[in-house]
Structure formats: C-alpha cells, structure tokens
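Read the structure below first, then the notes.
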Amino acid sequence: MKDDDVIISVKGLETFFYTNNRCNKAVNGVSFDIKKGKTLCVVGESGCGKSVTASSIMQLLPKLSRIENGEITYHSNEGDIRIDQLKKNGPKMRSIRGSDISMIFQDPMTALNPVYTIGFQIGENLQYHTDLNRAERKGQSIKLLKEMGIPLPEQRINEYPHQYSGGMRQRAMIAMAMACNPKVLIADEPTTALDVTIQAQIFELMDKLKEEHDTAIMLITHDMGVVTELADDVVVMYMGNIVENGTVDDVLRKPAHPYTKALLESIPVLGRGKNQVIEPIKGSTPDPYNRPKGCQFAPRCPFADSSCQVMPDESSISDTHSVRCLHPMEAV
Amino acid sequence: MSEARETILTLKDVETHFPIKKGVFKRTAGHVKAVDGISLEVYRGETLALVGESGCGKTTLGKSILQLVKPTGGKIIYNDKATERDLCRLSQKEMMEVNRKLQIVFQDPQSSLNPAFTVFGSLQDPLKTHGIKSKAERRKIIGDLLESVNMRREQMDLYPHEFSGGQRQRIGIARALSIEPDLIVCDEAVSALDVSIQAQVLKLLKDIKKERNLTYIFITHDLSVVEYISDRVAVMYLGKIVELAEVEDLYASTMHPYTKALLSAIPVADLDRRKKRILLEGDVPSPVNPPSGCPFHPRCNQCQDICKKVIPSLKKFETNGYEHYSACHFAEEQLSQ
C-alpha cells in the first residue's frame, strides 16, 4: 500500500462517552485508512461505534464524549494535519470541515434547516469556503442541484426542505456536501430512510462522484447488500472494535472472523430461493456499560474457548486482510 | 401447489380513501386514494407478502383488512371454516369475535407496548377480553407463549424498557399469538431490527407458522426477506396491485416493469451477482392525484401511448404452471426481455 493513496489514516482511535459517572468505550482502539477514489464501507450493528468513528473524524462529537487516545491524520496537499489535535471549533477545523471533508447524514429532514431555502443552505457552504460572489454562488448551487438530478433547479433552489420529497432532500444534502469538491465524503447511513428505488439513484450518484472527482468515500451502513454493491474496502466493527478489515473480496468471500461469517449467514439473500438456510446469531449485543472480558464477541461465538478471555491482537492474513480473532476461520 | 386451496380471506374491490379537508368549513377538497380497488384471495396456511415503496398503501391495506381503518368501499370476506362473513358489515360485537382470529404485529415494538405495564400486563388484556377469567391460568398461558417465542417464563414481570428491540418484537408476536388467531398481519415486523436479530425473528415467524398452521399477510419493503418467508407476493404501486405471483415465479419471470426495477434496485449481498441497476426516475406520484392511465407510466422506461390513456387491469397469465397476475399492457413482452 502506497502512502500517497491514503487520505485519512486513523490509528488506535479511542472515543469514550461519559454519562452518570459511567464510561462507555464507544470506540475502543480503531485503526484504518481511507484511500483516494475508493469507497470504504464500515459495517456493524447499531451501537457498534460506526457513527461515533465518523463523528470523531469530523470533530462533531457531542459534549459528553471525548477522543481519549489515538491519531486521526488528514494527508492534505499542504502536508499532514492531525485532526484530533485541532480545536473542535477552531478556525483550522472549520476550514477543513465542509470543504475538504464533508458529511452526509442519515435523516435529511433533521439535517436540513427547515427555515432556510435549499439554495441558501448550499450557498452557505460556498460562502465560507470560497471567494465566489453572490451571483456566482447561486449559479454554482444551481449547477450542483442539476448534477444531482433534481428537475428544474432554478425554481427548486428557492424552495424549502419540506417541499422536497425524501429522495430529493437526500440529493440536496449530497449537493451541499459536494459543494466545495471535498476530498473525503463521509456518508452515515445515507439511504437507510429511503426506498430501494431511490436508494439505487443515490448509489448511482455516489459512484459517479467517485469516478469523476476521485473522492474518497467512507460509507457507514448495516446492510451487507450495500457493501457488496459499493465497497472497495470493508471494515467490520463490533462493540467498538474493528474485528475484520480487508478488501471487499477478502471479507465477503473469505470471512475470517466468526462475527463476519455469522453476519453474512444471518441475512436472506435475494435469488437464493425460499429454502435458503439463515442462521441467526444467538443472543444479542452486550450492554456497553457491562462488557464481557476479552474478545467482545466471545459470549455469542460458537468457537470461543477460555483463551478468548483476553482481547486478541490484530493478526494479518494477507497484505490487505487482517482480523482480530484467536481462531480465525479457515478460508473455504 | 395446484391442488384446490381453501380461501381464508377474499378481498373484492377494496377501497380506502381518506378525505382531505380544507378551509373553514372543512370542505372535502379531494381524496387520498391509499387503497384503490384491490381484489385478492388469501389462502389458508400461506404467507402472502405485500411489497411496495413507502406510500403505496400496503400498510393501509393491512389495517383495512383488520378494520383498524374502515374501508370506504368493497368487500372483505372472511371464511372461518363454518361461515363466510363480510368484515366491513359486521357490528362492533361481531367484530370482536372475529378479531380473535385476526391479529397484527406492528413495525415498531417500542411504541406498540405500553411502557407502564409489565409484559404480563400487556399480554393479559386480550386473554381477559376473550374470556379467560382466572389469573393463574393467564399467567400459565403467557408463560407458555413467552417460551414459544424463545424467551424465559420469568421475563413476564419485566417492563418493556428492560428488553432489547428483538425481544420486544418477540413480545409483540407473543401478544398476537395469545388468542390463537388464524391470520396474522405482520406490518414491517422485522424492518426496525438489526440484521442478526432480524434473522432470529424471521426464523421464529417461520417456525410458529408451521407449528400452528397460521396464515400471514407479510407487509414489507424488503424483497430479500420476502423471498425467504413468503409463498406468494403482491407488488403494490399507488394503491393498486401491479403484479401477483408465486414467489419463485415472480423472481424468475417478472411480468411488470415496476417489479423489474424494484428487483434490480435491491443491493444483493453476493459478489457473484452484482448487476446492472434499472434506474427509475423521479419519485412515487402523489396518491391524491394519480397519473392518468397506468399509474406507473411516468417512471416506466417502456411507456407507450396506450399506457398514458388506459388503466391496465390485473390480467391472469400462466408461467411455469403457476397463476401469475400482472397489470401491464405489455406483460407478455416483459417475459421475452
């Protein structure tokens, strides 16, 4: 792996939440790289820390949480920037957020401001990060909306979010995120609230962005189908740890961690017929305040033994594929 | 599957329109045609899936069947082996009786359980109204029910917040099962759950069905789940059924362009099956003011003149020896593509 392909590298990230004198280790030592022009998919169930990882990179964490340890390095054109050391609302972070790294949120209705027009909200981003004047900003906003496939952008730009349909709102959000041609786009479950036909439109759009602008995309999802369609690299998270990391071929064809394997076996796959066997994972995810010792998946894992009482280190299977398990599955 | 099947429900031109009130005098300005003339037969012991995008009327149809929303037209005939009754014309008292046989599992397990009641408290009400007087007996029945949905008997004295989402959904299923229904409407019963939990609930639903010879009407937008759980599928678009077929048949020989697009849009977790997406343009039109002719024509890539003028009816075809219904003027052409 060449270093000049990597645009954001995260090393040993630990983000903890503090509530009622208790500490939730939401992200507990996570390392991965986001590469230029590639899509990195982060998969996991709810509560596994995938969204917190994204907010850590964007420095959008809520007040009661803190990055305790680790490095987030943004390899910009002007040299490396340590994002974790920047002030949350300092000038540097604000100049990066929204222009170099931008984010799409899950629910466009709550992410857009209902009292401003779509055009204003896209233009706002341009106003902060570019030198364009008002007329140019308007033109640029219209161009962006057109690229996103919104009909009649000249009129639509003066409308408010409630006048848009769900899919159009999400496209308007992507337009906002793409306004300054970011190097990295972080998408936090961008299509979970949308219908499949609209989801397909959004995916097509994201694929296009990746090809045309060489944008690095970090896509957070819980849907293995989405991973298959879009990902180049995959990170599987469970209870704040990365349990498996590799290219999409590595992870989906030769899942090494029992959790990845169980996850793949637990979903019905279209085209495999009515008699396909789906194998649920037994039990449920543990309480984050009352974690099991050692490997977090051990209590639900069919292969666990006494050695799993210690948190296993990451071991690599090939150049691109690594797993955090003492008993990695044999490639079938 | 061609032997004579007993119908449990027959829907005839069911319509559920919601009036839109406007102005000071609450003048009716139009109707939202949520369910617009649906005819359908549900056979005893099968799982019929209703699929479609949001706003296509699938939930309203499910609720109309149970009379949770009163249909504005048509007939829903329920056959309980002895008599056939039109659910739309029953008195409240008669409906109570029938309700014992027809139950529903809701999408959001969090909001469908009362947070102030223990599980026992929530589950005993249906038993009480349907005539089980002694508390000890109710406790026994509920304990058995919880065990049948893979939970522990003691958990009946806990409150909903003490359970995880998957457990809550299983309590919802237990509640629907408590008075031994014939037919359960599952309204997006697994959509709110995490993937690993979803599998548990799906498997449970399948097992229970076999054990108790239930009939499901399974409402969902997830076609991968449909393939796993159902026998027949009805695809809905703007309040109408556009295609109805046996599940294998629907996937193998699709006869409506909408179903085709829907199937191609689903991300499949199988690297060997990555395929070209058929992109639909635009959104689902408003059901207040549906397009003329075929409701799908503005988004259809094979739209022709006739589609803009004539509403296609649901016609019967035969593919691979199965009955297959499609509401497309060019249904047979779809097969050859």
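What follows is calculated from the coordinates using simple rules that are stated; it is not laboratory data. Because the structure is predicted, anything quoted here is derived from the model rather than measured. All Cβ positions, even for glycine, are placed from backbone atoms using ideal geometry, and neighbour counts span all protein chains on display.
Residue by residue, region B:131-142 carries 3J(HN,Hα) couplings of x, 9, 7, 7, 5, 4, 5, 4, 4, 5, 4, 5 Hz when phi is fed to the Karplus relation 6.51 cos²θ - 1.76 cosθ + 1.60 (θ = phi - 60°); x denotes Gly or Pro.
Each of B:PHE163, B:ILE179, B:GLN110 was scored by the projection of its Cα onto the charge dipole of region B:104-181, and the greatest displacement toward the positive side belongs to B:ILE179; charges sit on the C-beta of Lys, Arg, Asp and Glu.
From the Kirkwood radius over Cα pairs of region A:106-213, Stokes-Einstein at 4 °C and 1.567 mPa s returns a whole-number translational diffusion coefficient of 93 µm²/s. Taking other C-beta atoms within 10 angstrom as a stand-in for reagent exposure, B:VAL235, B:VAL69 fall in the order B:VAL69, B:VAL235, fewest first. What relative contact order, as a whole-number percentage, does region B:142-296 give when Cα pairs under 8 Å and 6 or more residues apart are counted? Reported relative contact order: 14 percent. Note on chain B: with a GNM built from Cα contacts shorter than 10 Å, the maximum mean-square fluctuation among B:ARG299, B:ARG232, B:ARG27 falls on B:ARG27.
The packing ranking, built from the mean of other Cβ atoms within 10 Å per residue, places the peptides A:212-225, A:271-284 in the order A:212-225, A:271-284, highest first.
Beta bridges per DSSP, both residues in the protein assembly as shown: antiparallel share near 65 percent. Sorted fewest first by neighbouring Cβ atoms within 10 angstrom, B:GLU180, B:GLU46 come out as B:GLU180, B:GLU46. For peptide B:255-265, the mean count of partner chain Cβ atoms within 10 Å of a residue's Cβ comes to 2.
Note on the protein assembly as shown: helix-only mean residue ellipticity at 222 nm, from DSSP H runs of 4+ residues weighted -39500 (n - 2.57) and normalised by residue number, equals -9000 deg cm²/dmol.
With the convex hull drawn around the C-alpha atoms of chain B, the volume per residue stands at 167 Å³. Can you bin region B:256-337 into rounded, prolate or oblate? Criterion: square roots of the alpha carbon gyration tensor eigenvalues sorted a ≥ b ≥ c, rounded for a/c under 1.5, prolate for a/b above b/c, oblate for the rest. Oblate. Taking GluC sites (Glu not before Pro) across region A:57-146, the ones in a DSSP loop with at most 10 further Cβ atoms lying within 10 angstrom of their Cβ are A:GLU78.
Across peptide A:189-199, the average count of Cβ atoms from other chains found within 10 Å of a residue's Cβ is 5. For region B:256-337, relative contact order (Cα pairs under 8 Å, six or more residues apart, normalised by length) works out to 25 percent. For region B:65-73, backbone phi angles converted through the Karplus equation (6.51, -1.76, 1.60; θ = phi - 60°) give residue-by-residue couplings of 4, 7, 6, 6, 10, 6, x, 8, x Hz, Gly and Pro being listed as x.
Eigen-decomposition of the gyration tensor built on the alpha-carbon atoms of chain A gives equivalent ellipsoid semi-axes of 35, 23, 18 angstrom, largest listed first. Counting only DSSP beta bridges with both residues in chain A, what percent are antiparallel, rounded to the nearest 5? In chain A, approximately 65 percent of DSSP beta bridges are antiparallel ones. Altogether, the Stokes-Einstein calculation at 37 °C and 0.692 mPa s, with the Kirkwood radius of the protein assembly as shown over Cα pairs as Rh, returns a diffusion coefficient of 121 µm²/s. Pairs of Cα atoms nearer than 8 Å and 6+ residues apart set the relative contact order; for chain A it is 20 percent. Residue-wise HN-Hα couplings along region A:215-231, as the Karplus relation 6.51 cos²θ - 1.76 cosθ + 1.60 with θ = phi - 60° gives them from phi, are 6, 8, 10, 10, 10, 9, 8, 10, 9, 4, x, 4, 4, 4, 6, 10, 6 Hz; Gly and Pro carry x.
In chain B, excluding the sites themselves, the longest stretch lacking any of the chymotrypsin sites (Phe, Trp or Tyr not before Pro) that are in a DSSP loop with at most 14 other Cβ atoms within 10 Å is B:118-337. Build a GNM of chain B with springs between Cα atoms under 10 Å apart, and of B:ALA234, B:ALA261, B:ALA29 the one that fluctuates most is B:ALA29. Computed over Cα pairs, the Kirkwood radius of region B:17-165 leads via Stokes-Einstein (0.890 mPa s, 25 °C) to a diffusion coefficient of 132 µm² per second. Other residues within the sphere of radius under 9 Å centred on the Cβ of B:GLN200, judged by their own Cβ, net out at +3 (K and R +1, D and E -1). For chain B, DSSP calls about 65 percent of its internal beta bridges antiparallel.
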